[in-house]
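See below for the structure under consideration.
Only the coordinates and a few stated rules stand behind these numbers; no lab work does. Everything quoted here is computed from the prediction, not taken from an experiment. Positions of Cβ are backbone-derived with ideal geometry, glycine not excepted, and every protein chain shown enters the neighbour counts.
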Amino acid sequence: MPGPAEAPRGAAFEAVAALVARARAAQAVADAFDQARVDELVAAAGWAILEPARNRELAELAVADTGIGDVEDKIRKNHRKTLGLLRDLAGLRTVGVIAELPEKGLVEIARPVGVVCAITPSTNPAATPANKIINALKARNAVIVAPSPKGASTCARLLDFVHAQFDRIGAPRDLVQMLPSPVTKEATAELMRQCDLVVATGSQANVRAAYASGTPAFGVGAGNVASIVDETADLEAAAAKIVASKTFDHATSCSSENSLVLVESVADAMLAALGRLGCVYVDGAGRERLRQAMWPDGRLSPAVIGQPAGTIAARAGLEDPAARTARVLLVDGGGVGPAHPFSGEKLSPVLAVYRARDFAHAKEIVREIYAFQGAGHSVSLHSGREDRALDLGLTLPVARVIVNQAHCIANGGSFSNGLPVSLSMGCGTWGRNNFSDNLNVRQYMNVTRVSRPLPEKVPAVDDLLGAYFARWGR
């Protein structure tokens with residue numbers, strides 16, 4: 001019988017406890033692996049999704065079961081995100097001594113965190129679990145995935161492929177497990193409590209639950225990316241990058257642009273450039289019909305998430321034939337805040353447009369948008385002036401400033417920038433997160449430091465406070 005201070009232990013507790021026990025046994029085996037063996041695990045898990053036939057099967061299953069996104073884009077995402085992660089991890093030491101700093105008398109040793117609970121969303125039901133699995137294995141952890149119920153079948157198939165690769169190399173299957181279907185909130189919450197670390201990607205409800213679980217957790221903030229196009233931008237290039245980003249996987253990424261903030265002197269020319277690429281402006285009664293279709297009860301409708309622009313236009317009953325074949329639907333933002341839902345995240349190829357008098361005004365519009373939603377995530381800038389990117393980084397509440405790039409492709413790391421490849425973006429304290437990095441292997445590791453004595457060096461007070469004394473006196 002449970003004691004008076006203990007919560008009752010139901011079926012969810014027992015089922016999760018059995019998974020965690022198996023994970024701990026497997027992790028104890030992996031804890032003894034050398035770097036070469038760890039890197040075999042990473043290669044096995046990477047090849048499980050990279051192999052083209054398996055990749056396509058996972059992408060097709062993801063779209064069929066979730067109804068979200070585009071198969072060909074998911075194939076590209078599964079491939080590029082996994083390949084990029086393997087590139088980031090290649091040659092990286094995560095076993096034994098990883099750094100020696102004789103000038104400080106320190107040696108740093110990599111240690112696992114143990115059993116990782118990986119919360120993953122329906123928008124990326126293969127790519128995100130694969131990314132978290134590979135990072136966890138690189139640090140010698142076991143991992144148990146708690147997928148979105150819609151994405152559970154895709155995750156299960158991914159694990160079939162991972163286990164088949166593990167069988168080839170004689171690795172313990174229990175290093176990688178998932179909650180059995182049907183995945184419930186109760187089981188997911190129990191897994192958060194029983195594991196050693198939670199890495200949560202997906203809804204803010206899941207992130208808040210991760211932080212409240214009592215287990216150390218890394219959770220990500222809400223996306224609602226704004227993109228500034230200033231008077232010095234290459235408009236044709238900016239339009240092409242914005243459309244490529246906003247249409248990729250039907251804008252399921254948290255890094256897809258949601259608002260365009262156009263400096264007035266180039267706004268009309270920029271809208272014309274977007275129009276030549278298949279973007280259609282919706283105004284008047286059509287805009288209102290679109291709003292009602294997207295937020296029928298005040299909340300974003302699941303029926304529009306990850307759908308093509310033409311499908312959304314048809315659902316909204318838009319009469320303009322161009323809207324039915326549009327690549328992206330454009331609307332006037334109309335304001336910012338709960339009364340102006342187009343100013344928030346839309347998870348679909350619909351973009352709100354705002355006009356700014358100048359760059360300073362554009363920055364203030366973005367600040368207002370992020371005060372409503374998206375603080376900490378990232379901002380996109382299309383500009384010919386290098387100083388403006390630094391300005392945004394110094395003054396806006398964002399963890400990333402993406403300059404002259406297709407934002408959703410660049411923000412999570414790519415082959416053409418230096419950000420870590422990830423599908424989970426920390427948003428710092430602005431986004432109520434405890435980190436502001438792209439989630440990477442460092443978050444999956446403990447580091448033990450060995451400290452040896454050095455000759456004592458005690459500074460004089462004047463060495464440290466001399467400038468203060470010279471100006472202000474003692």
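Quick notes on this structure:
- Matching residues, segment 94-110, being out of contact with any helix residue (DSSP H, G or I) (no Cβ under 6 Å at 6 or more places or on another chain) and either closer than 27 Å to Asn417 by Cβ or not in a helix (DSSP H, G or I) (or both): Gly96, Val97, Ile98, Ala99, Glu100, Leu101, Gly105, Leu106, Val107, Glu108, Ile109, Ala110
- For segment 241-253, the count of residues that are touching a His at 6+ places or on another chain (Cβ under 6 Å) and closer than 17 Å to Val350 by Cα is nonzero.
- Of the numbered criteria (1) closer than 26 Å to Thr325 by Cα; (2) in contact with a Phe, Trp or Tyr (Cβ under 6 Å, 6 or more places away or on another chain); (3) of a type outside the set (A, V, I, L, M, F, W, C), the one Ser245 fails is (2).
- Residue count for segment 254-276 satisfying the condition of being hydrophobic (A, V, I, L, M, F, W, C) and either assigned to a helix (DSSP H, G or I) or over 27 Å from the mean Cα position of the chain (by Cα) (or both): 9.
- Residues satisfying the criterion are present in segment 225-232 (criterion: within 24 Å of Asn131 (Cβ to Cβ) and touching a strand residue (DSSP E or B) at 6+ places or on another chain (Cβ under 7 Å)).
- One residue alone among Ala90, Ala18 is surrounded by fewer than 16 Cβ atoms within 10 Å (Cβ to Cβ), free of Cβ contacts under 8 Å to residues at least 40 places away in the same chain and either within 24 Å of Thr188 (Cβ to Cβ) or β-branched (Val, Ile, Thr) (or both), and that residue is Ala18.
- A Cβ distance below 7 Å, combined with a sequence gap of six or more or placement on separate chains, defines the contacts here; from segment 454-465, residues that are under 15 Å from Glu103 (Cβ atoms) reach residues that are of a type outside the set (Ser, Thr, Tyr) in the pairs Leu454/Gly105.
- Test for Leu158: is it farther than 18 Å from Asp65 by Cα and in contact (Cβ under 8 Å) with a residue 24 or more places away in the chain: no
- One residue alone among Val145, Val176 is crowded, with 23+ Cβ neighbours inside 10 Å, under 19 Å from the mean Cα position of the chain (by Cα) and of a type outside the set (Asp, Glu), and that residue is Val145.
- For segment 401-423, the set of residues classified as in contact with a Phe, Trp or Tyr (Cβ under 8 Å, 6 or more places away or on another chain) and in a loop (DSSP other than H, G, I, E, B) consists of Ala406 only.
- Meets criteria (more than 23 Å from Arg388 (Cα to Cα) and of a type in the set (Ser, Thr, Tyr)) for Ser416: no
- Residue that is nearest to the chain's Cα centre (by Cα) [pool: residues in segment 127-139 that are over 12 Å from Ala45 (Cβ atoms) and hydrophobic (A, V, I, L, M, F, W, C)]: Ala127
- Verdict on Gly298 being within 29 Å of the chain's Cα centre (by Cα) and farther than 30 Å from Glu231 by Cβ: yes
- Residues in segment 388-421 that are over 22 Å from Asn135 (Cβ atoms) and either among the small types (Gly, Ala, Ser) or touching a Gly at 6+ places or on another chain (Cβ under 8 Å) (or both): Ala389, Gly393, Pro397, Val398, Val401, Ala406.
- Among residues of segment 58-75, those that are surrounded by fewer than 19 Cβ atoms within 10 Å (Cβ to Cβ) and in contact (Cβ under 8 Å) with a residue 60 or more places away in the chain, counted: 3
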